[in-house]
Amino acid sequence: FEKKRATVAAERKRLSGIRIFADRQVALAEEVETVTKQRVPSSTKGGGLTLEELVRRPGVTYELIEKHGFGANESLSAMEKTSVEVEVKYEGFIERESKSRRKVAGNEGMSIPKDFDYLSVDTLSMESRHKLESIRPLTLAQASRIGGVSPADINALMVRLLQEKRNQQRDETNRAKKETTPV
């Protein structure tokens, strides 16, 4: 497994280091433009695109760049090529999900008010609303362990709890200002 990870990482590094220009790699650039309906810059207009940037585009596959002589050597297995392509194409999504998970993990101890109205949180799935309403977890961590409650639902619940906490703090600040302001 570690060998595969290292091979995939090395190939990604290679792909990010090779630039393609419409006026130099004409056949590849034309096929990419046909598949994606997006232009590949020439060497005089913006410095081209890396192979990694090309693979990130919808419709461009590792197989396509390989067909034009830009694939890795034969030591890369079909599974490793697929892994490279998947990592490149879904990198943004994977990073967003990881960031979201880290954020939720940092707030797992967040308590949920006993009278919290789960049914009013329209960003939760209907199944999650009903499960959370019937089980009534005390913390975000407990809510995350309920079957049928997705990570997206936990994130939505966390956002709502943080929003309500900010609103409550704002209301308390306004109340305190009113009490200290002479009439």
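The values are calculated or read from the model by the stated rules, or taken from the named source; none is laboratory data. Everything numeric in this text was worked out from a predicted model, so none of it was measured. When we count neighbours, we look across all protein chains shown, and the Cβ atoms used for this are built from the backbone with ideal geometry, even at glycine. The area values use the complete protein model at the heavy-atom level, side chains included, leaving out ligands, DNA and RNA. Shrake-Rupley method; radii C 1.70, N 1.55, O 1.52, S 1.80 Å.
For the reader, a short list of remarks on this structure follows.
- Probe 1.4 Å, protein heavy atoms only - accessible area per residue of the chain in square angstrom: 64
- Under 5 Å, built H, 5+ apart or other chain: amide partners of THR50: ILE20
- Of all accessible heavy-atom area on the chain, the percent that carbon and sulfur account for (1.4 Å): 54
- Mean separation of Cα contacts under 8 Å, 6 or more apart, over the residue count of the range 1-97: relative contact order %: 29
- Within the chain, longest stretch free of exposed trypsin sites (Lys or Arg not before Pro) [DSSP loop, at most 15 other beta carbons within 10 Å]: 46-113
- Förster radius 25 Å - calculated FRET efficiency between SER120 and ARG170 (Cβ-Cβ, nearest 0.05): 0.80
- Förster-model FRET efficiency, 41 Å R0, GLU97 and VAL26, C-beta, rounded to 0.05: 0.60
- Top of SER125, SER150, SER134 by mean-square fluctuation, Gaussian network on the chain, Cα under 10 Å: SER134
- If the Kirkwood radius is taken over C-alpha pairs of the range 78-183, then at 10 °C and 1.306 mPa s the Stokes-Einstein diffusion coefficient equals 98 µm²/s.
- The chain: DSSP helices with Cα axial extent of at least 20 Å and average Kyte-Doolittle hydropathy no lower than 1.0: none
- Among GLU74, GLU52, GLU66, the largest mean-square fluctuation in a Gaussian network model of the chain (Cα springs under 10 Å) belongs to GLU74.
- Only one residue of ALA143, GLY47, ASN174 has its Cα farthest out toward the positive end of the dipole of the chain, where Lys and Arg carry +1 and Asp and Glu -1 on Cβ, and that residue is ASN174.
- Here SER111 and LYS177 are evaluated by their C-beta separation; at R0 = 22 Å the FRET efficiency comes out at 0.25.
- Computed from the Kirkwood radius of its Cα pairs, the Stokes-Einstein diffusion coefficient for the chain at 4 °C and 1.567 mPa s stands at 63 µm²/s.
- LEU64 - accessible surface, heavy atoms, 1.4 Å probe, Å² rounded to 10: 10
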